[in-house]
Amino acid sequence: MTRQALALTVLFLGCTVSKSFESQALTEALSEPIAASGAEVAVYFRNLDTGDTVLLNADVRMHAASTMKVPVMIQLFRDADAGVFDVEQPIPIGVTFRSIADGSSYDIDPASDSDATLYEKVGSAVRAPELIDLMITRSSNLATNILIEFADARRVTATMRALGADSIEVLRGVEDLKAYEAGMSNTTTARDLGVIFTALAEGRAAGNSATAAMLAILERQEFNEGIPAGLPPSTRVAHKTGAITAINHDAAIVYPTDGPPYVLVILVRGIEDHDASSTLIATLSEIAYQALHRY
């Protein structure tokens, strides 16, 4: 084994790369900012044309934060395709939900939600497409908790497993403090999200029209300080972010104007400053983009 190969083996213990020059170059390029960050970082990269893949700590389990809203969306669109979920039905808007820990009730706090508009409609009814859009583009916690009752967390997890995400756990909605304190949280890995976004990109997550609709929603994402910030402004990106204390994630399908599309998932744990972790994600995104175009 050469000195360089040995160094890479030591440095990337816990990561896997496919045997292409592109993947090896990307792995090397990502190493310095990840090491310098002092954080726990997991990366999934897949070139959708060649299948070349980079997996760095891709099986490390982390709190899913709001990335779990994508599996919920997929389940609802699949149910609509199957005729078991009526997207035209009016859905009542309320703020009280049941904890999965003990069945006690709790209210969603508007102050901790990234979307305020839905609270103005409490007591009225809203159609599912508007709720799904808010769940993804504005990461509405209220919309998520309403919709997951239709999707059923256990069914969501089973569907993700069927798509190949073999360890993701979708257990509940958001802001269920008693469940959180009992260790009952939604979890994922970079590999799980990479598999799910690859299924979306390849049209395997649902039917053709449903997949097109979901990608369009993901492209309308309003929080773009992560992966999109590391790309040229004209780049098409379908993605979902997720963040809680010291957790910041972004999972995306990137469609460069002059290169092959790719899936990129970056999970960060251990940086308290959200802006700093977002900058790290943007830096890694830029490295992935440049590596793909260089090689």
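The values are calculated or read from the model by the stated rules, or taken from the named source; none is laboratory data. On a predicted model such as this, the values are computed, not experimentally measured, just so you know. Backbone-built Cβ (ideal geometry, glycine too); neighbour counts: all protein chains shown.
Looking at PHE197, is it touching a residue at least 40 places away in the same chain (Cβ under 8 Å), aromatic (Phe, Trp, Tyr), under 30 Å from ARG78 (Cα atoms) and buried (at least 21 other Cβ atoms within 10 Å of the Cβ)? First the steps, then the outcome.
Numbers: touching a residue at least 40 places away in the same chain (Cβ under 8 Å): yes; aromatic (Phe, Trp, Tyr): yes; under 30 Å from ARG78 (Cα atoms): yes; buried (at least 21 other Cβ atoms within 10 Å of the Cβ): yes.
Yes: the conditions hold for PHE197.
Of all residues in the stretch 176-203, which are more than 16 Å from ALA251 (Cβ to Cβ) and either among the basic types (Lys, Arg) or touching a helix residue (DSSP H, G or I) at 6+ places or on another chain (Cβ under 6 Å) (or both)? Give the steps one after another, and end with the answer.
Taking the stretch 176-203 as the starting set, the residues that turn out to be more than 16 Å from ALA251 (Cβ to Cβ) are 176-185, 203.
Across the stretch 176-203, the qualifying residues are LYS178, GLY203.
Which ones in the stretch 135-152 are surrounded by 17 or more Cβ atoms within 10 Å (Cβ to Cβ) and either out of contact with any strand residue (DSSP E or B) (no Cβ under 9 Å at 6 or more places or on another chain) or of a type in the set (Val, Ile, Thr) (or both)?
Of all residues in the stretch 135-152, those surrounded by 17 or more Cβ atoms within 10 Å (Cβ to Cβ) come to 135-148, 150-151.
Answer for the stretch 135-152, where residues must be surrounded by 17 or more Cβ atoms within 10 Å (Cβ to Cβ) and either out of contact with any strand residue (DSSP E or B) (no Cβ under 9 Å at 6 or more places or on another chain) or of a type in the set (Val, Ile, Thr) (or both): MET135, ILE136, THR137, ARG138, SER140, ASN141, LEU142, THR144, ILE146, ILE148, ALA151.
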For the stretch 206-228, check the following and say yes or no: at least one residue is touching a strand residue (DSSP E or B) at 6+ places or on another chain (Cβ under 6 Å) and either exposed (fewer than 14 other Cβ atoms within 10 Å of the Cβ) or without any contact (Cβ under 8 Å) to a residue 24 or more places away in the chain (or both). yes
Scanning the stretch 43-58 residue by residue, those in a strand (DSSP E or B) and not aromatic (Phe, Trp, Tyr) turn out to be VAL43, ARG46, ASN47, THR53, VAL54, LEU55, LEU56
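Please report, ordered by residue number, the helices (runs of 4 or more DSSP H) entirely within the stretch 151-216 with at least 3 residues that are of a type in the set (D, E, K, R), assigned by TED's automatic domain parsing to the domain that holds GLY83 and at pLDDT 95 or above.
On the way: elements: 153-163, 177-181, 190-201.
Fully inside the stretch 151-216 and qualifying: 153-163.
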Result of the Cβ filter at 7 Å on the stretch 85-104, keeping first residues that are farther than 13 Å from LEU177 by Cα and assigned to a loop (DSSP other than H, G, I, E, B) and partners that are at pLDDT 95 or above and of a type in the set (Ser, Thr, Tyr), at least 6 apart or interchain, is ILE93/SER124
Residue set ILE281, ILE287, ILE271; condition crowded, with 16+ Cβ neighbours inside 10 Å, assigned to a helix (DSSP H, G or I) and in contact (Cβ under 8 Å) with a residue 60 or more places away in the chain; output residue ILE287
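So that you can scan it fast, the table gives a plain yes or no per residue for (1) in contact with a Lys or Arg (Cβ under 9 Å, 6 or more places away or on another chain); (2) surrounded by 15 or more Cβ atoms within 10 Å (Cβ to Cβ); (3) outside the structural domain of LEU215 (by TED's automatic domain parsing):
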position	(1), (2), (3)
ASN47	no, yes, no
THR50	no, no, no
VAL54	yes, yes, no
ASP86	no, no, yes
VAL95	no, yes, yes
SER99	yes, yes, yes
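Out of the residues in the stretch 36-45 that are in contact (Cβ under 8 Å) with a residue 24 or more places away in the chain and surrounded by fewer than 23 Cβ atoms within 10 Å (Cβ to Cβ), state the one that is nearest to SER185 (Cα to Cα). Even if it seems obvious, please write down each step before you answer.
So the first thing to find is which residues in the stretch 36-45 are in contact (Cβ under 8 Å) with a residue 24 or more places away in the chain, and the list is 37-45.
Now narrow it down to the ones that are surrounded by fewer than 23 Cβ atoms within 10 Å (Cβ to Cβ): 37-40.
On the way: SER37: 26, GLY38: 25, ALA39: 21, GLU40: 19 Å.
Per the criteria, the residue is GLU40.
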